[in-house]
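Some notes on the structure that comes next.
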Amino acid sequence: MGNALPDRVDDAANEQIKILKRVAHLRQIDLFRDLSAHQLATIAVVAEELLLAPESVVFSDDVPCRGLHLIVAGEVAIEQDRPDSQAGAVQLTRYGPGQVFALGALFGVKVPGLKARTLCETEALVITKGEFYAIAREHPDIALRTCQVLSERLGGVIQELERKDG
């Protein structure tokens, strides 16, 4: 019983260290590059840490997307099942450290046959849709930055489609 206070102090200190590490990771992510330390800490508190083995399916038609994924280490492929492909799936893009994926899932976007798969051991932070919405209500600039990143990605997809058609 005499050791209960030091254990609680150690737990609190460990949690603060985890939050500081998450803030450091969030600073490296383009989506959050212009946020204040307070805003980053707000996000870090709700972000869940994930450690995924190689070839793990992060989301698919059968595995629901848990929210916005922020890659700390590793690499994730975004693929789409296509019956006309010999491999069965076509890799659309890859994301690595400092990048985010599943932004569309925050807004209910579902693409049939789309899946995310780790290419190697991957460490990520996940922010659920509900947590993201709560943060965006409190810090509207986060929502605006998200819209900006989504627009940039959409522009890139449109350019890629035009290039393939041309």
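Every number in this text was worked out from the coordinates using simple rules, so none of it is lab data. From a predicted model like this one, the values you see are computed outputs, not experimental measurements. All Cβ positions, even for glycine, are placed from backbone atoms using ideal geometry, and neighbour counts span all protein chains on display.
Exposure proxy shown here: for CYS147, CYS65, the number of other Cβ atoms within 10 Å sets the order, fewest to most, as CYS147, CYS65. Dividing the summed helix terms, -39500 (n - 2.57) for each DSSP H run of n ≥ 4, by the number of residues in the chain produces a 222 nm estimate of -14000 deg cm²/dmol to the nearest 500. Using semi-axes √(5λ) of the Cα gyration tensor in Å as the read-out, say which of (i) 29, 19, 17; (ii) 43, 17, 13; (iii) 33, 20, 13 was calculated from these coordinates. Answer label, from the structure shown: (iii).
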